[in-house]
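For reference, the structure is listed below as structure tokens.
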Amino acid sequence: MPWATLMTMGVPMSTTNSLTADDLGSAAQRERRKRILDATYDLARDGGFDAVQMRAVADSAEVALGTLYRYFPSKIHLLVSALAREFERNEALFRKMEIPGDTAAERVIFVMKRTTRGLQGDPKLTEALTRAFMFADASVATEIHTVGMLLTSMLTRAMHPDDDHEPTDQDVAIARVIGDVWLSALVAWVTGRSTAAETGAHMETAVGLLLRD
């Protein structure tokens, strides 16, 4: 399900959401969450989606299995949260740099291509994160919302690099559509239906159509 759709659903009926760093009251708890996500990355890099088993993550992170489930209620919650952390890192990076490009379209394409190249550099990790995103249902809406907000922030800032600019409703709507196109292109690459070059070209076409000067 596209993240733009899930973002409109509100908080799911289930209260079993992942614990974010902001939810954790102590440095030890935040460090434990970091170890869990680090272990998830390592397992996914080595073996993809199937290698990320909750018992294996708990053992690698040196936490009890029950503790892992308190932090992340399921494998899908865990992997989508890992994707959110990847986007957090990218969003922080783009905030610190001047995004090249004379037009909004050029800047958005730069952000998307750079993010995509980073993901394509770890194909098994990307396969795991993308499959989790594809399998996510309403119980993971909070985590999906976080991913969507981070991606929206990256794209709207690229569209309007002036720090004083407040994104309009139209800016956000365009960013959400671009995000859906980006996810679709990434799924096509992960499943072998397109090459990296075709993925880039598909994104460029969509951005060019949505952000005509």
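The values are calculated or read from the model by the stated rules, or taken from the named source; none is laboratory data. Given the structure is predicted, the values throughout are model-derived calculations rather than measurements. As a convention, Cβ positions derive from the backbone with ideal geometry for all residues, glycine included, and neighbour counts pool all protein chains shown. Heads up: the accessible areas ignore ligands, DNA and RNA and are worked out on the full protein's heavy atoms, side chains in. Shrake-Rupley method; radii C 1.70, N 1.55, O 1.52, S 1.80 Å.
The simple Förster model, with R0 at 30 Å and r as the Cβ-Cβ distance, assigns ARG117 and ALA28 a FRET efficiency of 0.25.
I need the calculated FRET efficiency for the pair PHE110 and TYR69, taking r as the beta carbon distance and R₀ as 41 Å, to the nearest 0.05. Intermediate results must be reported in sequence, preceding the final value.
Working: r = 40 Å, r/R0 = 0.96.
Approximately 0.55, to the nearest 0.05.
Solvent-free Debye calculation, one equal scatterer per alpha-carbon of the range 38-163: log10 I(q)/I(0) at 0.21 Å⁻¹ equals -1.15. Number of Lys-Lys pairs in the chain with C-alpha atoms under 20 Å apart and a separation of 8 or more places or on different chains: 4. Between ASP164 and GLU204, what FRET efficiency comes out of the Förster formula 1/(1 + (r/R0)^6) with R0 = 35 Å and r the beta carbon distance, rounded to 0.05? E between GLU204 and ASP164, to the nearest 0.05, is 0.75.
Report the gain in length on full extension from ASP180 to GLU62: 0.36 nm times residue separation, minus Cα-Cα distance, nm rounded to one decimal. Spell out each step's value before the answer.
On the way: separation 118, 0.36 × 118 = 42.48 nm, distance 3.62 nm.
Value of the extension gain: 38.9 nm.
For LYS113, what is the net charge nearby, where nearby means another residue's Cβ is under 14 Å from its Cβ and Lys, Arg count +1, Asp, Glu -1?
On the way: positive: ARG107, ARG114, ARG117; negative: GLU106, GLU198, GLU204.
Summing Lys/Arg as +1 and Asp/Glu as -1 gives 0.
Taking the 1.4 Å solvent-accessible surface of the range 101-213 as the whole, the part contributed by carbon and sulfur is 54%.
Placing pseudo-labels 7 Å out from each Cα toward the beta carbon at MET54 and THR191 gives an inter-label distance of 2.7 nm. For the chain, the calculated P(r) over all alpha carbon pairs, in 5 Å bins from 0 to the bin holding the longest distance, is 1, 7, 15, 19, 19, 16, 12, 7, 3, 1, 0 percent. Using bins of 10 Å that start at zero, the share of Cα-Cα pairs per bin across the range 52-100 amounts to 24, 38, 21, 14, 3, in whole %. The percentage of C-alpha pairs in the range 125-213 whose separation is greater than 20 Å is 42%.
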